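Asker: Have a look at the structure that comes next, please.
Rule-based calculations on the coordinates, nothing more; no lab input. Since the structure is predicted, the reported quantities are computational estimates derived from the model, not experimental observations. Cβ atoms come from the backbone with ideal geometry, glycine included; neighbour counts cover every protein chain shown.
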Amino acid sequence: MEKSININVYVAEYRGFCAGVDRAIEMVEKSLLKYGAPVYVRHEIVHNKYVVDELKEKGAIFVESLMDIPKDTKAPVIFSAHGVSKDVIRSAKDLNLFHLDATCPLVSKIHREVEILEKDNFKIIMIGHKFHPEVIGTIGQAKNKENIILVEDVKDVEALDFKKNQKIAYVTQTTLSVYDTSSIVKAIKEKFPDITEPKKSDICYATSNRQLSVQELAKKVEAFYVIGANNSSNSVRLVETAKLFGSPHALLVQNIDDFDFQALKHYKNIGLTASASAPEELIRKFVSKLEENFSITINDQKIPENVKFKVPNFLN
């Protein structure tokens, strides 16, 4: 313990669970109460080991494929907040599984956009990360997979080629970096000036809020710590944002128990946040560990987001 060392801890104004994550977790918990254990969940309900492990203890079983679920089960099968393709939904029906969809409503909005655009004979550009489940689910909304083309960076935009007079539109993954996406959108619009844009940004309010909070704090701290997971897009984007805006020593903290808090003795000012898929209690746990090791001053003015997505009525 080095109580003689004082560290100023700046906690991001916007942090922790977003409304879509809250809803998805609530759906699993209420399903367990209503139907009993087990409840099957296809893919991690959200990308956070702490959350997944807690739900496992309550009776949730996580699977990557519907084929991993016993054929004769009457237990609910819940699709994760990231969304799934139409093929997965068809498979669940074919297997006669009682399935519940915990897709974030903001992701569902993009699913509907893809359906409508394809019906109106648009070719759709999807900005996102190739292997992310949200992207796989969104591309899987198209009846013809050739009608939706994934781009991950500006180089991918340069390679795009459409027939003359082809109607074109774009959509984006909800958890992208606001800053990276703006450069890709700029390149798309320069190449295709008549492209149809979403009426409102597809990047969700929670992603934007958390990135903006990190952007502001990164300018006045020497190190930044993001509580989240390596396979969480919104977590990784927050680390990138901190580095981009002035905090080169930015790290993703997946396991607080294994974290080397003594490494923080070199800094007078640190930033702290939790991604949209990490619970607020992990912020408190991180701060408690800090207090065990140092004298700290907390600077925290959390701003409530007041966004709530309801679970299906039959679960209440």
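Asker: In nm, give the distance between the simple-model label positions of residue 4 and residue 147, each being 7 Å from the Cα along the Cα-to-Cβ direction.
Answerer: Calculated label separation equals 7.0 nm.
Asker: Whole Å is fine, so just give me how far the alpha carbon centre of the range 152-194 lies from that of the range 53-101.
Answerer: 34
Asker: Here is a follow-up. What are the membrane-span-like helices in the chain by this rule: whole DSSP H runs, Cα extent along the axis at least 30 Å, mean Kyte-Doolittle hydropathy at least -0.5? Show your work: numbers first, answer last.
Answerer: Working: long enough: none.
Membrane-span-like by this rule: not one helix.
Asker: GNM, the chain, Cα, under 10 Å: largest mean-square fluctuation among 241, 73, 181?
Answerer: Checking each option, the largest mean-square fluctuation is seen for 73.
Asker: Quick check on my link table: of 243/285; 200/302; 34/302; 130/268, which ones sit more than 30 Å apart, alpha carbon to alpha carbon?
Answerer: Values: 243/285 24 Å; 200/302 26 Å; 34/302 34 Å; 130/268 39 Å.
From 243/285; 200/302; 34/302; 130/268, over 30 Å: 34/302; 130/268.
Asker: Same structure again: Would you mind ranking 259, 294 so that the residue whose beta carbon has the fewest other beta carbons within 10 Å leads the list? Walk me through the numbers on the way to the answer.
Answerer: Values: 259 16, 294 20.
Ranking 259, 294 by Cβ neighbours within 10 Å, fewest first, gives 259, 294.
Asker: I've got another one for you. Quick query: amide H of residue 294 versus all other amide H atoms, modeled in the peptide plane; which residues come in under 5 Å with a sequence gap of 5 or more or a different chain?
Answerer: When sequence neighbours closer than 5 places are left aside, the close amide H contacts are 2.
Asker: Going down the list 49/123; 109/164; 86/163, which pairs span over 32 Å between their C-alpha atoms?
Answerer: Numbers: 49/123 37 Å; 109/164 29 Å; 86/163 28 Å.
Pairs exceeding 32 Å: 49/123.
Asker: List the equivalent ellipsoid semi-axes of the range 213-305 in whole Å, largest first, each obtained as the square root of 5λ for an eigenvalue λ of the Cα gyration tensor.
Answerer: Values: eigenvalues 64, 49, 38 Å².
Three semi-axes, in Å: 18, 16, 14.
Asker: How long are the three semi-axes of the equivalent ellipsoid for the chain, computed from the Cα gyration tensor as the root of 5 times each eigenvalue, in whole Å, largest first?
Answerer: On the way: eigenvalues 246, 159, 41 Å².
With the √(5λ) rule applied to the chain, the semi-axes are 35, 28, 14 Å.
Asker: I've got another one for you. Nearest 0.05, what FRET efficiency do residue 57 and residue 89 give at R0 = 35 Å with Cβ-Cβ as r? List each step's numbers first, then the result.
Answerer: Numbers: r = 29 Å, r/R0 = 0.82.
Efficiency for this residue pair is about 0.75.
Asker: In addition: Mind pulling up the Rg/Rh value for the range 106-191? Radius of gyration and Kirkwood radius, both on Cα.
Answerer: 0.93
Asker: While we're on this one: Report P(r) for the range 251-316: all Cα-Cα distances, bin width 5 Å, range 0 to the bin holding the largest distance, values in whole percent.
Answerer: 3, 11, 24, 22, 14, 9, 7, 5, 4, 2, 0
Asker: Based on the Cβ-Cβ distance from residue 212 to residue 251, what FRET efficiency comes out when R0 is 22 Å, to the nearest 0.05? Intermediate results must be reported in sequence, preceding the final value.
Answerer: Working: r = 20 Å, r/R0 = 0.91.
Step by step, r from the Cβ atoms, then E = 0.65.
Asker: Treating the Cα atoms of the range 24-166 as identical point scatterers in vacuum, please give the log10 of the normalised Debye intensity I(q)/I(0) at q = 0.11, 0.19, 0.20 Å⁻¹, two decimals.
Answerer: Values returned for q = 0.11, 0.19, 0.20 Å⁻¹ are -0.47, -1.09, -1.16.
Asker: Could you compute the FRET efficiency for residue 109 and residue 155, with r as their C-beta to C-beta distance and R0 at 30 Å, rounded to 0.05? Write out the running numbers ahead of the final one.
Answerer: On the way: r = 28 Å, r/R0 = 0.94.
After rounding, the FRET efficiency stands at 0.60.
Asker: Tell me, rounded to the nearest percent, the portion of alpha carbon pairs in the range 149-233 spaced more than 18 Å apart.
Answerer: Details: 1879 of 3570 pairs.
Tail fraction, whole percent: 53.
Asker: Principal axes first, then extents: for the Cα atoms of the range 19-104, list largest minus smallest coordinate on each axis, whole Å, largest first.
Answerer: 32, 25, 20
Asker: What ranking of 164, 71 emerges when the number of other C-beta atoms within 10 Å of each C-beta is taken as an exposure proxy, fewest first? Display every interim value, and only then the final one.
Answerer: On the way: 164 4, 71 9.
So the ranking, lowest neighbour count to highest, is 164, 71.
Asker: Relative contact order for the chain: what is it in percent, counting Cα pairs under 8 Å that are at least 6 residues apart? Working shown, then result.
Answerer: Values: 588 pairs, mean separation 87.7, N = 316.
28 percent.
Asker: Now a separate question. Could you please rank 261, 17, placing first whichever residue has the fewest other Cβ atoms within 10 Å of its Cβ? Intermediate values should be presented prior to the final figure.
Answerer: Details: 261 15, 17 22.
Result, fewest neighbours first: 261, 17.
Asker: Then there is this: For a quick size check, give me the Cα extents of the range 122-169 along its three principal axes, largest first, whole Å.
Answerer: Cα spread of the range 122-169 along its principal axes, largest to smallest: 32, 26, 13 Å.
Asker: So how far, in whole Å, is the C-alpha centre of the range 220-278 from the one of the range 1-24?
Answerer: Their Cα centres are 10 Å away from one another.
Asker: Most fluctuating residue of 129, 82, 47 in a GNM of the chain with Cα springs under 10 Å: which is it?
Answerer: Ranking 129, 82, 47 by mean-square fluctuation puts 129 first.
Asker: Follow-up. Out of residues 5 or more away from residue 150 or on other chains, whose amide H comes under 5 Å of its own, with H placed 1.01 Å from N in the peptide plane?
Answerer: When sequence neighbours closer than 5 places are left aside, the close amide H contacts are 126.
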